[in-house]
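For reference, the structure is listed below as structure tokens.
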Amino acid sequence: MKRYFIHTFGCQMNVNDSMRMGEVLGSLDYRPTPVAEEADLIILNTCSIREKAEDKMLSALGRYRTVKLARGTLLGVGGCVAQQEKEKLLKKVPYLDFVFGPDSIAKLPDIIGRVKGERERVVETAWVDSEEYVFPRADPETSRGKVTEFVTVMKGCDNVCSFCVVPHTRGREVSRPFPDVLTEVASLAQVGVREVTLIGQNVNSYQGGVSFAQLLLRCAEVPGIERVRFTTSHPHDLSDELIEAFRVQPKICPHFHLPVQSGSNPVLKRMRRDYTVAEYLERLGKLRAARPGIAMTTDIIVGFPGETEEDFALTIALTEQVRYDNQFSFIYSPRPKTGAALRENDWGPVPHEVKIERLERLQKLQRRISGEITQALVGQEVEVLVEGPSRYNPLKRFGRTAENRTVNFDGDAPAGAFVKVKVESATPNQLSGKQLEVLSPPTVMPPAELPQPPETCVVA
Ligand code: 5AD
Ligand code: SF4
């Protein structure tokens, strides 16, 4: 029996793609191994969103070269760096066997056959940019025993944000037809999944036969599904209809990840974000009115070309005004062929030390705000969907609130149960407490909770 190991970098789309790769490899009689040194096939599923992600994958490739030398392991690179670099990657990394883009996962049997049979070094990076694209359907059996799952609803991105490489690596937007999405959600519910997160690079411009709001509402009606989430969104597609869905359907979780990127209008304009801070705040205000208490999270880029201290002060002010539950903040990283990288010298690159100092200031502020929000929950009761044992202490249980806050607690409820937890302490990133009662048992008992065999070997 042959064994494979997949090292996944980047976003949830990549994690999902790695699952699909695992399924395709399963049909070739490959089985997953959690130990790269034992693998006959190693795939790096890569991310190119920032330079750091690319550097990480190059150093990982170096490590896997040793495995290849020791046991003749096949080595392939998939994902966004593969799509971006194509044959250049084979030239740069002489010991690499194959390179394949995100749309070529289904071609893995053919690719591996050519590499093994014809000793060919293969590059497969064609993408299918049309409604003919067939989204790989997840095998629900790989989700048995899981409580929460991700469902791909669209791929690609038609926006033109000047910092972003995604349109170059993932192509044009293609939406998955809504009956396919609903079938997949229903099949997941049947194996015990109670929460689904609909994913895509820009989900609220979904066009798979119904609006995105309607898609959420329909997913929420699938028997067995108690929570529906989604990520990620662009503020200019946040429709009133979507806001209304939050008002009428409590199963749509009260958490919205709405990347703002900057609190300064001139910076947003150079980023080609297509909204002003006032427009963003207007959408957010409507959302909060429709679903009071909704948790808001965002992405911020600091040190975008031409960002002045005044621009940055506006990002700080916006952070204080919105009081996000959490922020993911990044130092601007120029990406190949993007508008901002081409114009960086005209707009004025921000020195690295300045970027670092701004990032630290912003993260310190956000830690304080997150801490204040979670401290206010101490003493309260929250509803948690149990996902399994705590990562830090296997004697404790782990789950999330509907607002997506992580909770570690003393209790005995099995994965898939909804429980009431009394919050006893909090850090900016997590709540701790004790189970008070089981509100609803799992729909399907997990086969065996510990230890779980690795379905696919994903290393984030
Ligand atoms: N540099 C830094 N951060 C970036 N992001 C996207 N492109 C870049 C870049 N070139 C951030 C954005 C996006 C998140 C997924 O990654 O904030 O929302
Ligand atoms: Fe990284 Fe974007 Fe590709 Fe996801 S889609 S892996 S974030 S470059």
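The values are calculated or read from the model by the stated rules, or taken from the named source; none is laboratory data. If you're wondering where the values come from, they're calculated on a predicted model, not measured in any experiment. Every residue, glycine as well, gets a Cβ built from its backbone with ideal geometry; the counts of neighbours run over all protein chains shown.
Here are a few things to note about the model shown:
- Boolean, VAL378 is surrounded by 16 or more Cβ atoms within 10 Å (Cβ to Cβ) and either in a strand (DSSP E or B) or more than 16 Å from ligand 1 (Cβ to nearest atom) (or both): no
- In segment 304-339, the residues that are modelled with pLDDT of 95 or more and either on the phi > 0 side of the Ramachandran plot or among the aliphatic types (A, V, I, L, M) (or both): GLY306, ALA313, LEU314, ILE316, ALA317, LEU318, VAL322, ARG323, ILE331
- Residue count for segment 255-268 under the criterion of being away from ligand 1 (no atom under 15 Å from the Cβ) and either within 17 Å of GLY200 (Cα to Cα) or surrounded by 20 or more Cβ atoms within 10 Å (Cβ to Cβ) (or both): the result is 1.
- Residue count for segment 1-43, restricted to those that are within 16 Å of ligand 1 (Cβ to nearest atom) and hydroxyl-bearing (Ser, Thr, Tyr): 1
- Residue check, THR66 surrounded by 19 or more Cβ atoms within 10 Å (Cβ to Cβ), out of contact with any Cys (no Cβ under 6 Å at 6 or more places or on another chain) and over 22 Å from ARG114 (Cα atoms): no
- Residues of segment 140-183 that are of a type outside the set (A, V, I, L, M, F, W, C), more than 16 Å from THR197 (Cα to Cα) and either surrounded by 19 or more Cβ atoms within 10 Å (Cβ to Cβ) or within 13 Å of ligand 2 (Cβ to nearest atom) (or both): GLY145, GLY156, ASN159, SER162, PRO167, HIS168, THR169, ARG170, GLY171, GLU173.
- Within segment 117-130, none of the residues are of a type outside the set (D, E, K, R), in contact (Cβ under 8 Å) with a residue 60 or more places away in the chain and touching an Asp or Glu at 6+ places or on another chain (Cβ under 9 Å).
- One residue stands out in segment 180-204 among those that are assigned to a helix (DSSP H, G or I) and in contact with a strand residue (DSSP E or B) (Cβ under 7 Å, 6 or more places away or on another chain): the one that is nearest to PRO442 (Cα to Cα), namely LEU188.
- Test: residue in segment 308-328 that is in contact with a Leu (Cβ under 9 Å, 6 or more places away or on another chain), within 11 Å of ligand 1 (Cβ to nearest atom) and of a type in the set (Ser, Thr, Tyr): no
- ARG335 satisfies every condition listed in (1) within 16 Å of ligand 2 (Cβ to nearest atom); (2) surrounded by 15 or more Cβ atoms within 10 Å (Cβ to Cβ); (3) closer than 17 Å to VAL260 by Cβ except (3).
- Note on segment 381-414: residues that are among the small types (Gly, Ala, Ser), within 18 Å of VAL193 (Cα to Cα), within 25 Å of the chain's Cα centre (by Cα) and assigned to a loop (DSSP other than H, G, I, E, B) total 1.
- Checked against (1) within 16 Å of ligand 2 (Cβ to nearest atom); (2) crowded, with 17+ Cβ neighbours inside 10 Å; (3) not aliphatic (A, V, I, L, M), GLU307 passes all but condition (1).
- Taking strands (runs of 3 or more DSSP E) as the structural unit, those lying wholly within segment 238-341 and holding at least 3 residues that are touching a Phe, Trp or Tyr at 6+ places or on another chain (Cβ under 8 Å) and closer than 24 Å to LEU217 by Cβ correspond to 295-302.
- Elements of type strands (runs of 3 or more DSSP E) in segment 1-63, at least 2 residues being surrounded by 15 or more Cβ atoms within 10 Å (Cβ to Cβ), touching a Pro at 6+ places or on another chain (Cβ under 8 Å) and not acidic (Asp, Glu): 2-8
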